[in-house]
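The values are calculated or read from the model by the stated rules, or taken from the named source; none is laboratory data. Fair warning: this is a prediction, and the values are worked out from it, not measured in the lab. Cβ: placed from backbone, ideal geometry, glycine included. Neighbour counts: every protein chain shown. Surface areas here come from the heavy atoms of the whole protein model, side chains and all, with no ligands, DNA or RNA. Shrake-Rupley method; radii C 1.70, N 1.55, O 1.52, S 1.80 Å.
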Amino acid sequence: MAGQQFQYDDSGNTFFYFLTSFVGLIVIPATYYLWPRDQNAEQLRLKSLRRVHGRCLWYRLRLTKSQQSIIPSLKKAALLFGWAVFLLLAYKVSKLDREYQEYNPYEVLNLDPGATTSEIKKQYHLLSKKFHPDKGGDEAAFMMITKAYAALTNEQTKKNWELYGDPDGPRATNFGIALPAWIVDQKNSMLVLLVYGLAFMVILPVVVGTWWYRSIRYSGDQILINTTQLFMHFMYKTPNMNMKRLAMVLTAAFEFDPRSNKEATIRPTDNIEVPQLIRELGNINVKKKEPPFCYPYSLKARVLVLSHLSRMDVSDDLEEDQRFAVRKSPALLQEMVNVGCQLTMMANSRGGFHAPRLVSIENCMKLTQMIVQGLQETKSPLLQLPHFEEEHLRYCYKVRSLQDLVSLKDSERRSMLRFLGEEKYDEVIAVLSSFPHIAMETKLQVLDDEDSNNITAGSIVTVTVTLTRKKMAAVFEKEQDSTAPTIPGEEGANTEEAADASKAKAKVWQNKSKGTKKTDALAASKEEEEEGSDKGSESDEGEANKDSPSERDEESDKQSDKQSDTEADEIAGDDEEEWEALQQSIQRRERALLETKSKVTHPVYSLYYPEEKQEWWWLYIADRRDQALVSMPYHLEVHEAKAVLDNHP
């Protein structure tokens, strides 16, 4: 049996195959994921948003960043260099001579396959005279010719060639290792061991350890685990959290601590500038000694967030830190909502402690709106619009909300906003027209019941909420007594109307006392119907006594058969409809689990937010009387089409 031989690549040819494959495995995926997207498409998108969002801070920062950033150019240069190396290696490989070729004696003798013995002998004699060493020919070529002639004329040699591909019979299989021989040379052993030790004992453990240390510090939403535990402690400690307390808990997050997050900074000038802002802001509980609210990083973050809500001017250094704190706040507030929901679920399932009040969770949503808009809760929502200042509100004393402004006729609105020029007025109308108008429809069903619309105590109710989004421009010319639009303060993040509208229906199964009364009334009506049907059957039987017993039996059999057939058809039809509705609901939930949540919905108009904020909505069912959540909030996007959500309380 043939043996096996392993040998390193002395010539260095096979190493190029390995190197080409290695470079290709890096360059091709890197190009797909890292190649900069079409800058022209982004510029066109920004140009389309200029008329509405041109005055927004994030828009101006985006234009400046796109003009100054050289990162896309560096990415392109690195990827192009990688492709140049890959193509060079591929060209080098294509020019390498094949060391292992299939042996064919006909090719050696320059004959066609199937040549006769006489043709083989004739060609052999001609080539022998030409390449014989005694006549000045090539000895190696002569040996190959002789071997090929033997392979075609000698029976045993020909058999070996046909069976094993070699006239000499089976030979050892050679395996080439795609590494140059100098790697295993004894002279280079220390250098090779040093490189291997550095790669596998230093670099690899450091990389894996750094990744593992980071992964155990952050949650799936890239929030520090310590921050989540901090939020859980204070929401458990303070179930009823007002806005001032909420701002303190928010700014105590470890994301603002330089020891936990390298993006956060503490500057030497903070000892001078932060106290000045504190004096301008007034009472912000500076003297409170409860940790971590008294720590310098927490106090600085609180001052920066509150000064952002007051739209105060700060220095350049503090402005950079303020933008960092403002960018981090929405994600942290969303984490607080998640923590509140977890505590609510724990309180409902285990008991033993008070769940966070509904007002605490809704304050988190409201504070998100306030931070994105850079506006305090007590200020007029008209200050969200461009060119509106505090002194302009006296012209709009009749308008308390954006809904009131939209519901006015154009002539009345133009007269009220006469302090604006034509150009500024058109810009205000364009911004107002881009705001969302949400229509909501709710449907309550008990899918596994015969009568899906009959809701009783203890039923598992499926609430299907359909949200339809349109632009505010569609409702501009409507009178105030027409259908009022639903518009958020910032981005539609908090659908309180949705919660209020569905709250009353939720009480059908949430409030046990009312559910019991309705159930008792329903049972009484059923009993009355049963009594009436019994009386009717007795009177029918009295009249039927006049007929003969046989006729009465035949008629009763016919009626019972018809009635049973009708009832069977009705039940079958109801079951089919119920089954189809249940399957559609299951399919919608499966699609929702499989689909990836999009990060782009509709840009929010925000004058003072440093990043482009996308529009999201909170959808939940709440009991206002008990100040409790009935269903967990869903953070969802609403496009121009309908968004359907199933909830199983």
| note | For segment 82-155, the Cα gyration tensor yields equivalent-ellipsoid semi-axes (√(5λ), largest first, whole Å) of 36, 16, 9
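What's the ranking of 31-37, 50-56 by average number of surrounding C-beta atoms within 10 Å, highest first? Walk me through the numbers before you get to the answer.
Values: 31-37: 10.9, 50-56: 16.9.
Result, highest mean Cβ count within 10 Å first: 50-56, 31-37.
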| request: Would you calculate the separation in nanometres between label points at His635 and Arg418, each defined as 7 Å from the Cα along the Cα-to-beta-carbon direction? | output: 4.7 nm
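Of the heavy-atom accessible surface of segment 231-340 (probe 1.4 angstrom), what whole percent is carbon and sulfur?
Answer for segment 231-340 is 51 percent, counting heavy atoms of protein chains only.
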| note | Using alpha carbon centers only, segment 399-418 is separated from segment 238-267 by a whole-angstrom value of 39 Å
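What FRET efficiency, computed as 1/(1 + (r/R0)^6) with R0 = 51 Å and r the Cβ-Cβ distance, is obtained for Glu107 and Arg51, rounded to the nearest 0.05?
Details: r = 75 Å, r/R0 = 1.47.
With a Förster radius of 51 Å, E is 0.10.
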| said: Please compute the per residue accessible area over segment 377-458 with all protein chains in place, 1.4 Å probe, rounded to a whole number of Å². | reply: 54 Å²
| said: Just to confirm, what accessible area per residue do you get for segment 209-336 at 1.4 Å probe, in whole Å²? | reply: 52 Å²
| query | Looking at segment 424-478, which GluC sites (Glu not before Pro) are DSSP coil and have at most 10 other C-beta atoms within 10 Å of their C-beta? | reply | Glu450
| message | Using a 1.4 Å probe on the protein heavy atoms only, what accessible surface does Thr442 show? Give it in Å² to the nearest 10. | response | 40 Å²
| task | Starting from the Cα-Cα distance between Arg214 and Lys409, subtract it from 0.36 nm times their residue separation and give me the gain in nm to one decimal. | result | 64.5 nm
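Can you tell me which of 629-635, 79-85 comes out highest on packing, and rank the rest after it, using the mean Cβ neighbours within 10 Å? Walk me through the numbers before you get to the answer.
Details: 629-635: 19.3, 79-85: 14.1.
Top to bottom by mean Cβ count within 10 Å: 629-635, 79-85.
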| note | Excluding ligands, DNA and RNA, the carbon-plus-sulfur percentage of the accessible area of segment 24-91 with a 1.4 Å probe reads 66 percent
| request: Consider a paramagnetic label point 7 Å from the Cα of Ile26 along Cα→Cβ; state which residues of segment 72-87 have an amide N under 18 Å from it. | output: 74-87
| Ignoring ligands and nucleic acids, what accessible area does Asp270 show with a 1.4 Å probe (Å², nearest 10)? | 10 Å²
| What order, most packed first, do the peptides 614-621, 463-470 have when packing is the mean number of other Cβ atoms within 10 Å of each residue? | 614-621, 463-470
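May I ask you to derive the FRET efficiency for Ser73 and Arg259 from their Cβ-Cβ distance with R0 = 35 Å, giving the value to the nearest 0.05?
On the way: r = 36 Å, r/R0 = 1.01.
Calculated transfer efficiency: 0.50.
What size of dipole, in debye to the nearest 20, comes out for segment 278-409 about its Cα centre when the only charges are +1 on Lys and Arg C-beta atoms and -1 on Asp and Glu C-beta atoms?
Details: 18 positive and 15 negative charges, 117 e Å.
Here the size comes out at about 560 debye.
Just list whichever of Lys65/Lys328; Lys65/Lys409; Lys288/Lys379; Lys300/Lys398; Lys47/Lys613; Lys92/Lys159 have alpha carbons separated by over 29 Å in the model shown. The partial results should precede the final answer.
Working: Lys65/Lys328 19 Å; Lys65/Lys409 41 Å; Lys288/Lys379 27 Å; Lys300/Lys398 39 Å; Lys47/Lys613 17 Å; Lys92/Lys159 38 Å.
Long pairs (Cα-Cα over 29 Å): Lys65/Lys409; Lys300/Lys398; Lys92/Lys159.
For the pair Met346 and Glu390, what calculated FRET efficiency results from E = 1/(1 + (r/R0)^6), where r is the Cβ-Cβ distance and R0 = 45 Å, to the nearest 0.05? The partial results should precede the final answer.
On the way: r = 45 Å, r/R0 = 0.99.
Computed FRET efficiency for Glu390 and Met346: 0.50.
How much of the accessible area of segment 107-152, in percent, comes from carbon and sulfur atoms when a 1.4 Å probe is used? Show your work: numbers first, answer last.
On the way: 1670 of 3080 Å².
With neighbouring chains kept in place, the figure for segment 107-152 is 54 percent.
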